[in-house]
Structure formats: structure tokens, C-alpha cells
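Chemist: Below is the structure I would like to discuss, written out as C-alpha cells.
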Amino acid sequence: MARRPASSKKTSAKGKPAKAKARAGSKPAKAAGRPAAAKSVAAKPAAAKSAAVKSGQWVYVFGGGKAQGRAGMKELLGGKGANLAEMANLGLPVPPGFTITTAVCTAYYANARKYPKDLEKQVDAGLSHIAKITGRKFGDPANPLLVSVRSGARASMPGMMDTVLNLGLNDETVEALAKQSGDRRFAYDSYRRFIQMYSNVVLDIEHHNFEDILEEHKSRANYTLDTDLTADDWIEVVKLYKSRVEEEQGTPFPQDPRDQLWGAIGAVFGSWMNARAITYRRLHSIPESWGTAVNVQAMVFGNMGDTSATGVAFTRNPSTGEKRLYGEFLINAQGEDVVAGIRTPQEITEAARKESGSDKPSMETAMPAAFKELTRIYGTLEKHYRDMQDMEFTVEQGKLWMLQTRNGKRTAKAALRIAVELANEKLITKDEAVARIEPASLDQLLHPTIDPKAERNVIATGLPASPGAASGEIVFSSDEAAELKAEGKKVILVRVETSPEDIHGMHAAEGILTTRGGMTSHAAVVARGMGKPCVSGAGSLRVDYNAQTLQAGNVVLKRGELVTIDGSTGQVLAGRVPMVEPELSGEFGTLMGWADKVRSLGVRANADTPADARVAVRFGAQGIGLCRTEHMFFDEARIQAVREMILSDTTDQRKKALAKILPMQRGDFVELFEIMQGMPVTIRLLDPPLHEFLPHTEEDIAEVAAAMGVDPKKLGHRAKELAEFNPMLGFRGCRIAIAYPEVAEMQARAIFEAAVEAGKRTGKPVVPEVMVPLIATKAELDIVKARIDAMAAEVQKESGSKLNYQVGTMIELPRAALMADEIAQSAEFFSFGTNDLTQTTFGISRDDAASFLGIYTQRGILPGDPFVSIDQEGVGALVRIGVERGRKVRGKLKVGICGEHGGDPASVAFCHEVGLDYVSCSPFRVPIARLAAAQAALGKKAAGEA
Ligand code: PEP
Ligand code: MG
């Protein structure tokens, strides 16, 4: 496992003796494997960092009731550093320490991995600061200061980068620790932990070296648990560990605490560029230029016996949002033990313990004083940050220390509840509540859950780590998950536990199932962040990677077999289970109501069928912005009639086919209008890319020929004639209505007759908007519009009812955007078809883009897929021109967008900015668009800090 960049691995220690008395000035560079410090900082840090670079302050201290930093300095101090400073300023119990800024990381990489020249002096001052507060000195053999060294980027990247604890321990200081704590066993246990962690993180010696030694020692002594080991055992294990390090790297384990410190600092900066951190950044759009900070902090020990503990807690439940302290802790444990999920953690509150049925005491009963202090602090932190906090703490011999706080990651469901409740508690405003919800995250709420009526073949129950349910084929490795996903398969990633190396697999999977680990284990935290269902810690399951099986009692499931997980209940079910659409919570409605009050942009849905329209209304659509009439004909029975129409040689034949279609169309429209209850409905005339409708097999041709009463051979010939090289730019859009006006006439008749009928049925007048697709010239629109108007007059006469309607057009070709002023003379509304507009502006075929677009985005030629999020500069310029020129001629011209971009939050913000009247998107994205439109109105920046 090459977890670190080769440069830092090979040169950090391997093959080079650690000189205990090495000249101080050479240490930073040596530890990072590079020659002496850079003369000057040639790096060009991001604008906001430049002030710090100019001032030359690389180190910010905190502790003792005050700090040089504060929460607002995340960019420079990273999230952890900024919040440690803030907690210190609040007077909370934070072990003293200092933060080496992200500007150092940026400079380090910009200068061939050399540090700024006066960094070392500032780090020394930082150590003196800690020494002053703690009364301990770094490297002092009698009263040593031990520190932790942790990464801390501006955005949280859980588990992606390195951490070293107990740093400063060596053969001398361990004795001092033993003496001071009065616990030799604890001292040597801490030392062996340090050797293992440091050797792995800094010297790149794999964990198994140490795990093997420990296991061998235990079996020799007939021990089963680590807790069985005595002080003498740990002393022996330390000896063995040190020899193994020397064997592996050719030099002894570094004894000089300063060498250790610079080695760890170099490793943390090095970990910014490790493969998993790079992948994580790519998945979360975190720029490389942000860099990480390094936090050096006095150690506090959670493993000093039964009055010590370590834990993590959320001020509210991160899965449901419920307002109740929620978390886990471990007695007599250190550092990351809770997150690692190696031991089963205990509940914090007594209420939670009762609910879980655990027989282990809660923190509330086991450590009442520390619990009371934690409760006080969490209240302070929530009020101060005005948001749910995710905290890490350690209890050292009864005293509580805060090691971290940050705004906690949460599911969309929890985010909604927390935002609404915080607003109701008056901690934040309603507008802030609206601004806090990531629009795209609402997708999570719309995920299916298991049908309560479905039969459940539950084979195991684990922890409900991340809500929602998913079914898929079992895979046991992340690489395989990614491969099968690329083949279009749905998979469930099944692991004993996940690690940061698994993120690509977790990303590819529909859901994640682990047999080990708690609610705050890696799998649980990451899956929640990704919005994927996850069941963790399903301990009754046996995973056998070699045999590729998952065993639950007598049931053995093999790789490739189907499994379902329910991340809301923790159940694991064999096979695929029917799902149901989610019920939306009261908070959802409340927040959406607040969002609707602030937004000015309308939100409609693209809906082609009554079912779509019903979903759209349920999600709050204010109309239909696009009904693609060709989609009404994908049905087996109907496609036949469309084929007849397309393949007709003569107008007569075509009219016959159209006569079959007319009642179907009219029926659909009546239903759509009825569902929409007088809201606007835009119906687009037929725009079939012909290849989607032509019969391909002989059987299909024979069937159509029989229905039309023509020779199949002749018909086959005609189908061949109609085949196009480039159907997307071929005989489609208004070109059909121009060549065959009877098609447009039939559709117009169906629309108007349906409007009359639906108006009568609902008592609400229907004002249909008839939309002409793919026009490039005003002349095209005029020709088609004339037919529509004539048909409207005819239907009015026949029905004796007055018709109110509008005729408008799609703007989806660059020429149409450029000629919008002329076109607006005839068009009563515009709707930007940004799918085709993107296709034609870029000259990238919508159907063929997949084969090369990935390369473009990977290489940064394009920031993302322009069919997903609108290219604001290029395609966006045409939209701006279209709006401006159109409205110059027709002042109140109604303008919307109906391309896929209408449901993409960044594109919605763009639409707001250019002054569109509405966006129209697929029904399930309507809530996302409503929220994005509200945030655009609130002026929320698209890219914010995490
Ligand atoms: C468009 O081009 O953006 C559009 C909505 O039409 P279609 O996707 O049907 O071509
Ligand atoms: Mg189009």
C-alpha cells in the first residue's frame, strides 16, 4: 500500500540515520526529504492568503483562554485550526497548541517541497507557547511535552489525510510519562501506539508489520485481548516494534522529538497529495490550491484508565435531525479508536442507551461530571455557531477536553429538520434556513424506500447508518464496484469495513454494507455525505473475501447475487425488494414555503404524461414548461400510428394515420389540463428525431405495412430513404410541420379541443401555450403559426367557445438566439432549449458526447459536462442575447428554459441572473429548482465554503 508520495517516503527516514543532535536549521527540509529551506516564497497563494504570506506569519497559537486565530479564518487555518482557535477564544477547555497555515502547504508545493525560511523559528515559538501553558517542555526527559500532529484542510476531508498522536515519546520520555502518570503500562502502550502510527504515516512501514508482532506476542502469552497485556508485555512489544522499524528502514526509530515533529509535519503536508485525498478532492470539487494546515497540540490522554475516555458527539442527530445529544464514546481509549470502529462504542446519553438496549453504561452514568460539562459546552457551541456541531472530545482522568468542533455533516432529511427548527428557535432567520440547504441534496429525500407491504426476507440487521434503501448485485471490492457500475450495473458494496481507499467504490455503489464499525465509522460518515444508503456494523454477517461470499447463518450469498439494504432501519434483505416513493416531511413543506416566498423565478416541470404532471404538481410545479408530444407515442400501441404517419407517401395516407392519433392526443391533453387546473401548460409540436421512431426490424416493417395496407417492400424502401446520417440535425423540429402541415394542424386541433373540454370540466379556463421547436428563422415560425391560428379559429367556430392561447417558440439554435428580435415579432413567448443549444453551440452531438467529454473534464478543458450545468460564458451568452433582443421588440416577452439545465442549481442561478421568468425541469427536480431559485434570489454564492 503506497499511501504516501514516493519522494517523502523514500527520503524521510529510510536509509538516513536520524541524527539526534542534527543542526536545528536543517530539520524541516530533512524531514520532508529536501535540502534546506527555500530562500523566498515564490508561491502565488490564493488572494485571501496573500495577506498572511506578506505578513510572514506561518504559525498561529491558541490555548489558555485565547487564540491568534478565529472561526472566520478557515481559509488560512483550515477548519480544525480555525475552530480550535474559536473554542479557545470562547474559554472552552482546549489543549493548547498552534496551527501551521495552509499558506505553508501552498508554498511548500510551489517551491519543490521546501518550507518558508522562518517557519522553523515560528514552530519553536509555538512549542514554547504550549510549554508555557502546560508547564512541560518538548523533549524534556523529566517533564516532557507530548503533542498530536493533525491535518486540517479548509473543507472537511474525513480520514483522507494523516495524523500522528503521542509524538515526543522516546526511550527516555516514556519513562517520565510512566513516572508522572504512575502507570507504566499506559506509558508503554502509548509508546507502542506512537511507534506504529509514526512508522506507518511518516516512514511508510505497513501496519501489518506491527499487527503481526502484537498477535504473535499475544498468542505466545496466551492472551486474547490487548487489555490482557501488562506493562512488561508492552515494553517487550516496543522493543520488537523498534527492531522491526530498523529492519525495514535500515535506521533506528527516530528518538529526537524534533526529528519526529518535522517528520510528522512533512507527512501531513505530503498527505495532501496522496491518492485518496486527490480522489476525494475531485469528487467534492475541492481545489488543490487550498492546501491543508497542520495542527500541533498538547496531548491529552483518553487511555489513562477507567476515568478517561474519548468520543465524538453531534449536538443533534445527523441522520434524523432530532434535537438530542447524539454520539458515542469509548472508555480508556485513544484518539481515533471510536471512528475506526474497532471496539463497539458506548452511548453518551442514558436515554440512547435504553433505546439501544446496550448493557454497557452510558457516559451520562459512567462519567456524570464530564457528561454535564459536555452538555454545557454543546449548548454554548450550538448557540455560538448557530448550527449543529460535530465534536470530538477526550476525558483525561475525569477532565473533559474539546479536540474539535465543526458544523456537522448531515443527511438531507436532518438538514431540513435542523434548519427549520433552528429558525423556529430563532437562532437563525428563515432566509438563512433556506440558504443552508444544498438544493441538490434534496434528491436524497426523493429516494425510494422499501415498500412497507413488501415481504422482507431479513438476513441480518446492522446499524441504520444512512437512510434510503437500495438493491444491487453484491461486490466485495471497490474496484469491482466501479467496473460494474461502468457497465451499467447496480451494485451494493459489501466490506468488513471501509477505509478512505474505498471512496471510488462507495461512489459507484447504490449502497454500502459493512459488518464492522459504528454510526460514526468511515462507511457511515462517508455514505451520509454522499447521500447513499448504508448499513454498518452488521456483525452477524460473515464476509469471506477469498470465497467471495456473504454468510448469514445458513444463508450464503455469492458475489453477483442480489441483496437489498435499508439504511433507515439497518436491515439487510436477500434479493430485490419492491420500493415506494418517499413521503415528504412537514419540514420539507415548511422550508419550501419559505423558499417560495423569496424566489422570483417561476418553476415549471417538463411533463409528458399525466403521471409526470401529477408528480410535478405534488412537488410544487407552477405549470408545465414543456410537454414533448413525441414522448406520448413511445407506447407500443401508439408508436405504430406514428410510424404510419412518418412513412406515409401521400397526404391522404398521412391524414388517415393522423386521424388515428388525434383522439389519443386530445385525450392526453384533456387529462394534462385537468391535472394542471388552469396553470400554464406549454405543449410543443412534434419534434421526433426520426431514428427513434422508424421501424428497424422486418417484423416491425411488416406490421406497419399491414396496418397501412401497403407493400412491405415498398415501405422498407421508404424507411431506408428516411434514414439519416445525423438525425439530431436532420428532419426534425419545425421542419416536419413545414413539410407536412397536416401534422401540426392535427396537433393544434387536439390541443384546442382539449382546452375547450378541460375548461368546461374544471371550470378553470385553459390558456394553452403552443410551442414550435427548432426554428432558425422567423419565416419558419410564421408558416407554422399561420396553421395554428387557422386551426384555433376553426375550433372556436365549431365549439362556439372563445379560445385564449399563445404561440411561441423554442430558442435552441444559435441563429434563433441571434435573430431573437426578429423572431419576437411573431413569437408570444420563448423557451430556451438548452440541450440543443448546447449541442449546436459546441458542435458536440448529444448522443455521442460520452466518448470524449470525460477526457475534456478530466483535463480541465471544460469545467464540467455542459449538458448538465450550463456553459454560462458561451451558451449563456446566446441566452443573454436572446433575452435582450427578444424583449427589445416585445417588452414583456415571457421567457423560460426547458433544457435539462432547468433543474441544475448553478444553471438556475444563472437563469435568475439573466432575468428569465421561469425554469422548467423534470418533475423530481422541481423542489431542487424551487430552492435554487430562492437561493439565487437571496444572492447565495454558488460555491461556498464547506
Ligand atoms: C432542448 O433542446 O433543450 C429541449 C428541451 O428539447 P429536446 O431535449 O426535446 O430536444
Ligand atoms: Mg430540443
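The values are calculated or read from the model by the stated rules, or taken from the named source; none is laboratory data. Everything numeric in this text was worked out from a predicted model, so none of it was measured. With ideal geometry, Cβ positions are generated from the backbone for all residues, glycine too; neighbour counts draw on all protein chains shown. Side chains are part of the model used for accessible areas, which takes the heavy atoms of the whole protein and leaves out ligands, DNA and RNA. Shrake-Rupley method; radii C 1.70, N 1.55, O 1.52, S 1.80 Å.
Chemist: Could you work out how far apart the two model spin labels at residue 118 and residue 251 are, taking each label as a point 7 Å from the Cα in the direction of the beta carbon, and quote it in nm?
Modeler: 3.0
Chemist: In the structure shown, do any of 383/426; 179/372; 760/802; 489/558 have a Cα-Cα gap over 20 Å, and if so which? Please list the in-between numbers first.
Modeler: On the way: 383/426 10 Å; 179/372 31 Å; 760/802 12 Å; 489/558 16 Å.
Result: 179/372 exceed 20 Å.
Chemist: Which whole-angstrom value gives the distance between the alpha carbon centres of the stretch 796-863 and the stretch 385-407?
Modeler: What the calculation gives is 53 Å, centre to centre.
Chemist: Answer with one residue from 579, 546, 494: the one whose Cα lies farthest towards the positive end of the charge dipole of the stretch 447-580, charges on Cβ with Lys, Arg +1 and Asp, Glu -1.
Modeler: Positive-most Cα among the choices belongs to 579.
Chemist: Compute the FRET efficiency between residue 397 and residue 282 as 1/(1 + (r/R0)^6), taking r as their Cβ-Cβ distance and R0 = 25 Å, and round to the nearest 0.05. If you can, show how the numbers build up before the last one.
Modeler: Working: r = 44 Å, r/R0 = 1.74.
Once rounded, the FRET efficiency stands at 0.05.
Chemist: Rolling a 1.4 angstrom probe over the protein heavy atoms, how many square angstrom per residue are accessible across the chain?
Modeler: Details: 38140 Å² over 946 residues.
The answer is 40 Å² per residue.
Chemist: Quick check: the angle from helix 257-271's long axis to the longest principal axis of the chain, C-alpha only, nearest 10 degrees?
Modeler: 10
Chemist: Moving on to the next point. Any idea what angle helix 184-201 forms with the longest principal axis of the chain, computed on alpha-carbon atoms, 0 to 90 degrees, nearest 10?
Modeler: With rounding to tens, the tilt is 50 degrees.
Chemist: Compute the helix-to-body angle for 651-676: its Cα long axis versus the longest principal axis of the chain, expressed 0 to 90° and rounded to tens.
Modeler: Approximately 50 degrees, to the nearest 10.
Chemist: Ok, one more. Determine the shape class of the chain: with a ≥ b ≥ c the square roots of the Cα gyration tensor eigenvalues, call it rounded for a/c under 1.5, and otherwise prolate if a/b is greater than b/c, oblate otherwise. The partial results should precede the final answer.
Modeler: Working: a/c = 2.32, a/b = 2.10, b/c = 1.10.
Here the chain falls in the prolate category.
Chemist: I'd like the FRET efficiency for residue 938 and residue 458, computed as 1/(1 + (r/R0)^6) with the beta carbon distance as r and R0 of 30 Å, rounded to 0.05.
Modeler: Here the calculated transfer efficiency is 0.10.
Chemist: Report the Cα centroid-to-centroid distance between the stretch 577-599 and the stretch 291-329 in angstrom, as an integer.
Modeler: Here the two parts' Cα centres lie 32 Å apart.
Chemist: Decide, for the stretch 447-580, between rounded, prolate and oblate: order the square roots of the alpha carbon gyration tensor eigenvalues as a ≥ b ≥ c, take rounded if a/c falls under 1.5, and otherwise choose prolate if a/b is larger than b/c, else oblate.
Modeler: On the way: a/c = 1.18, a/b = 1.11, b/c = 1.07.
Rounded, because the longest to shortest axis ratio a/c is under 1.5.
Chemist: I've got another one for you. Using a probe of 1.4 angstrom, how much of the accessible area of the chain is carbon and sulfur, in percent?
Modeler: Exposed carbon and sulfur together represent 52 percent of the surface.
Chemist: Another question, if that's okay. Mind checking the dipole of the chain: about its Cα centre, +1 per Lys or Arg Cβ, -1 per Asp or Glu Cβ, Debye to the nearest 20?
Modeler: Details: 119 positive and 115 negative charges, 668 e Å.
Here the chain has a charge dipole of around 3220 debye.
Chemist: Roughly how far apart, in whole Å, are the Cα centres of the stretch 712-774 and the stretch 54-110?
Modeler: Value for the Cα centre distance between the two parts: 65 Å.
Chemist: Continuing with the same structure: Given axes a ≥ b ≥ c from the Cα gyration tensor, I'd like to know whether the stretch 309-410 is rounded (a/c under 1.5), prolate (a/b larger than b/c) or oblate.
Modeler: Values: a/c = 1.41, a/b = 1.23, b/c = 1.14.
Taking the square roots of the gyration eigenvalues as a ≥ b ≥ c, the stretch 309-410 is rounded.
Chemist: Related question: Among 472, 334, 858, which residue has its Cα furthest toward the positive end of the charge dipole of the chain, with +1 on Lys/Arg Cβ and -1 on Asp/Glu Cβ?
Modeler: Toward the positive end, the furthest listed residue is 334.
Chemist: Per-residue ellipticity at 222 nm for the chain, helices alone: DSSP H runs ≥ 4 residues times -39500 (n - 2.57), over residue total, nearest 500 deg cm²/dmol?
Modeler: On the way: 37 runs with 420 residues, N = 946.
Result for the chain, helices only: -13500 deg cm²/dmol.
Chemist: Just grab the label-to-label distance for residue 143 and residue 220, each label 7 Å out from Cα along the Cβ direction, in nm (one decimal).
Modeler: 3.8
Chemist: Another one. Extension gain residue 451-residue 614, at 0.36 nm per residue separation less the Cα-Cα distance, in nm? Walk me through the numbers on the way to the answer.
Modeler: Values: separation 163, 0.36 × 163 = 58.68 nm, distance 2.03 nm.
So the chain would gain 56.6 nm between residue 451 and residue 614.
Chemist: Related question: Return the percentage of antiparallel bridges among DSSP beta bridges fully within the chain, rounded to the nearest 5 %.
Modeler: Details: 67 of 104 bridges.
Around 65 percent antiparallel, to the nearest 5.
Chemist: Using 0.36 nm per residue, how much length does the chain from residue 777 to residue 289 gain when fully extended, once their Cα-Cα distance is taken away?
Modeler: Values: separation 488, 0.36 × 488 = 175.68 nm, distance 4.70 nm.
Length gained between residue 777 and residue 289: 171.0 nm.
Chemist: Among the aspartates and glutamates, which have Cα under 17 Å from the Cα of residue 720 when same-chain residues fewer than 8 positions away are ignored?
Modeler: The qualifying aspartates and glutamates are 644, 649, 692, 698, 699, 700, 703, 711.
Chemist: Report the gain in length on full extension from residue 802 to residue 483: 0.36 nm times residue separation, minus Cα-Cα distance, nm rounded to one decimal.
Modeler: On the way: separation 319, 0.36 × 319 = 114.84 nm, distance 5.97 nm.
Gain on extension, residue 802 to residue 483, equals 108.9 nm.
Chemist: Efficiency by 1/(1 + (r/R0)^6): what FRET value for residue 555 and residue 443, r their Cβ-Cβ distance, R0 = 45 Å, to the nearest 0.05?
Modeler: Working: r = 33 Å, r/R0 = 0.73.
Computed FRET efficiency for residue 555 and residue 443: 0.85.
Chemist: Run the simple label-point estimate for residue 350 and residue 585 please: 7 Å along Cα→C-beta, distance reported in nm.
Modeler: So the label points at residue 350 and residue 585 sit 2.8 nm apart.
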